[in-house]
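The values are calculated or read from the model by the stated rules, or taken from the named source; none is laboratory data. What you are looking at is a predicted structure, and each value in this text was computed from that prediction instead of being measured. Please note: Cβ atoms are built from the backbone with ideal geometry, for glycine as well, and neighbour counts cover all protein chains shown.
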Amino acid sequence: MYFIIGIILSVLIYFVLTILFGGIGGLIFLLILTGIIGYLYGEIQKLNERLQKIEKLNGIDDSEDFHVSDEEIEKELEQYADSGENKNE
C-alpha cells in the first residue's frame, strides 16, 4: 500500500517540479531522490549496527549457522522428520 502511495506521490512531485522549473525540474527531482536514498541507506546501516550490538549483548550469535555442512543439515532434517513421525503415532 505504501509502495503505491510512494509511486503516485513521486510522479506528482516530478510533474510539479517539471512544471515549475521546466526541464531542470527532473534533474532537481533526481537530486532530491538521491539524497533521500543516501540518507535512508545511512539510517539502515546505523540500525544494523545497533541490532548487532544488541544481539552481541544478549549472546545471540548466528555466525555458526552460515558454516554448516550438508551432512549436518541432513542429520538435523532427519531428526526433525523422525520427531514428527513419533508425534503422529
Query raised in the report: So which residues in the stretch 74-89 are at pLDDT 70 or above and not aliphatic (A, V, I, L, M)?
Result: GLU74, LYS75, GLU76, GLU78, GLN79, TYR80, ASP82, SER83, GLY84
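On the basis of being surrounded by 12 or more Cβ atoms within 10 Å (Cβ to Cβ), in a helix (DSSP H, G or I), of a type in the set (A, V, I, L, M, F, W, C) and at pLDDT 90 or above, does ILE28 make the cut?
Working: surrounded by 12 or more Cβ atoms within 10 Å (Cβ to Cβ): yes; in a helix (DSSP H, G or I): yes; of a type in the set (A, V, I, L, M, F, W, C): yes; at pLDDT 90 or above: yes.
Yes: the conditions hold for ILE28.
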Report task. Considering (1) part of a helix (DSSP H, G or I); (2) exposed (fewer than 10 other Cβ atoms within 10 Å of the Cβ); (3) not basic (Lys, Arg), say which one GLY59 fails and leave the rest. Result -> (1)
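Would you say GLN52 is at pLDDT below 90 and surrounded by 10 or more Cβ atoms within 10 Å (Cβ to Cβ)?
The answer is no for GLN52.
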